[in-house]
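Here the structure is laid out as structure tokens; the discussion comes afterwards.
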């Protein structure tokens, strides 16, 4: 097998120079057309993925995504256009289209570039760019080895849903007519293994996966296969449970979804539209004492790191919740202006959202719960962002005396997110390394579980 290529974390300068030149060209065309301000974004992403199943190659998919987009401002009017063709003629057509849209768009005093004093071209290197020198035949061989090992570990693994291996590099650039200009390079590599376990007439499916910026940080294939086998076989013999109110422990694979709903509720776009169950909640208690939620956008090599947000504003270590109290909303320049506030550098979302642990590892979280439901899989999209009502199909394990007893399925868990947030009694240290949200398992004091 080939080894990882040694390289610096700097992208090829030629590619960066070409993209910078394109952004300057687009901005010059926008100014020549008559724009009072403009911004331009470019991307050049490439990579491939392979899928194998039952020791056969199913797909090898190569991807190369190149594009450019421009936003033109005519005072308080705005127009946007994009193109996958980066020839000079196509760029001219794109800029003209954005200009024509701006001319006929409704004026909005909240339109415009970020405040100039916020911008800087001094950005740290977060060590996010680590290409994997892996040829497709080698990727196929790794995927086949992973699946072969998984199929050999337990006779109950009767079938496979396949192994996927993917490797991608990303190049995103952003520039404005105010002088901001940055190019960010990053990489992401993943392997997943999905298996089907069978015992008698009973069948269950489960999977495991690993995702990192650096290929050498991926979970070893043997451990990935072993974990996928254990997950699939542990679900055999799943039962229904009676409808009841009980503590619920969300595994670290799922807990990020709870906080995704929280971020959506405090995002400016939902707040100014009055489409959030957390309207007018800044400064009030949302979570119990001791809960701290914050961003760490500048962690080296982390999946959710970025030096600037979607409109070029430098990211920062925002504290969203401190000791259970909501400290601030999540805002872009536009949504901040709509609310009479300042941007929080969150255009495009949050960066390495972190929920600080309040308890120990997964075993301790089970002991803290004592008796209740461990949820390891959710189905459906039953979350109402306006009311906070929450209802999802679920499966997992029943827990007694702090120990897993048996798998459960065909149940629904329900509550209201306001109540659920206030009922968070513990956050574990078992952070899921494959997620940009850094959160362990989360224990909710009580939810309604609908079963038989």
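Laboratory data are not the source of any read-out in this text; all were calculated from the coordinates shown. The structure displayed is predicted, hence computed values, not measured ones. Positions of Cβ are backbone-derived with ideal geometry, glycine not excepted, and every protein chain shown enters the neighbour counts.
Given R₀ = 25 Å, what would the calculated FRET efficiency be for residue 364 paired with residue 242, taking r from the Cβ atoms and rounding to 0.05?
0.40
Could you list the residues of the stretch 44-74 with an amide nitrogen less than 18 Å from a label point located 7 Å from the Cα of residue 31 in the Cα-to-C-beta direction?
Hits in the stretch 44-74 for residue 31 at 18 Å: 70-74.
If you fit an axis through the alpha-carbon atoms of helix 88-104 and take the longest principal axis of the Cα set of the chain, what angle between them do you get, 0 to 90°, nearest 10?
Helix 88-104 and the main axis of the chain meet at about 90 degrees.
Pull out the extension gain between residue 419 and residue 317, defined as 0.36 nm times the separation in residues minus the alpha carbon to alpha carbon distance; nm, one decimal.
Working it through step by step, the gained length comes to 34.0 nm.
Working from Cα positions, state the angle (0 to 90°, nearest 10) between the long axis of helix 136-153 and the longest principal axis of the chain.
Relative to the chain, helix 136-153 is tipped by roughly 20 degrees.
Taking the Cβ-Cβ separation of residue 110 and residue 205 as r and a Förster radius of 60 Å, what is the calculated FRET efficiency to the nearest 0.05?
0.80
Tell me what the chain gives for mean residue ellipticity at 222 nm when only DSSP H runs of n ≥ 4 count, each as -39,500 (n - 2.57), the sum divided by the residue total, rounded to 500 deg cm²/dmol.
Dividing the helical sum by the residues of the chain leaves -7500 deg cm²/dmol.
Can you pull the Kirkwood radius for the stretch 333-452, inverse mean 1/r over Cα pairs, to one decimal in Å?
Taking the inverse mean of 1/r over all distinct Cα pairs, the stretch 333-452 comes out at 16.3 Å.
I'd like the projected area of the stretch 13-234, averaged over all directions, using the convex hull of its alpha carbons. Report it in nm² with one decimal.
Hull-based average projected area comes out at 16.4 nm².
So if I take the alpha carbon set of the stretch 184-248, get Rg, then get Rh from the Kirkwood formula, what is the Rg over Rh ratio?
1.17
At 37 °C and 0.692 mPa s, what whole-number value in µm²/s does Stokes-Einstein give for the translational diffusion of the stretch 238-452, with Rh from the Kirkwood sum over Cα pairs?
Rounded, D is 185 µm²/s.
Could you give the angle, 0 to 90 degrees to the nearest 10, between helix 221-234's Cα long axis and the longest principal axis of the Cα atoms of the chain?
Taking the Cα atoms of the chain, the angle to 221-234 is about 50 degrees.
What fraction of the DSSP beta bridges in the chain is antiparallel, stated in percent and rounded to the nearest 5?
Given both bridge residues lie in the chain, the antiparallel proportion sits at roughly 95 percent.
Would you mind computing, in nm to one decimal, how far apart the modelled labels at residue 124 and residue 217 are, each placed 7 Å from Cα along Cα→Cβ?
With each label placed 7 Å out from Cα toward Cβ, I get 1.5 nm.
FRET efficiency for residue 384 and residue 410, Cβ-Cβ distance as r, R0 = 25 Å, nearest 0.05?
FRET efficiency, residue 384 to residue 410: 0.65.
When a/c reaches 1.5 or more, the comparison of a/b and b/c decides; with that in mind, is the stretch 255-364 rounded, prolate or oblate per its Cα gyration tensor?
oblate
Limiting things to C-alpha atoms, what are the Rg and the maximum Cα-Cα separation (Dmax) for the chain, in angstroms?
Gyration radius and largest Cα-Cα distance of the chain: 24.4, 73 Å.
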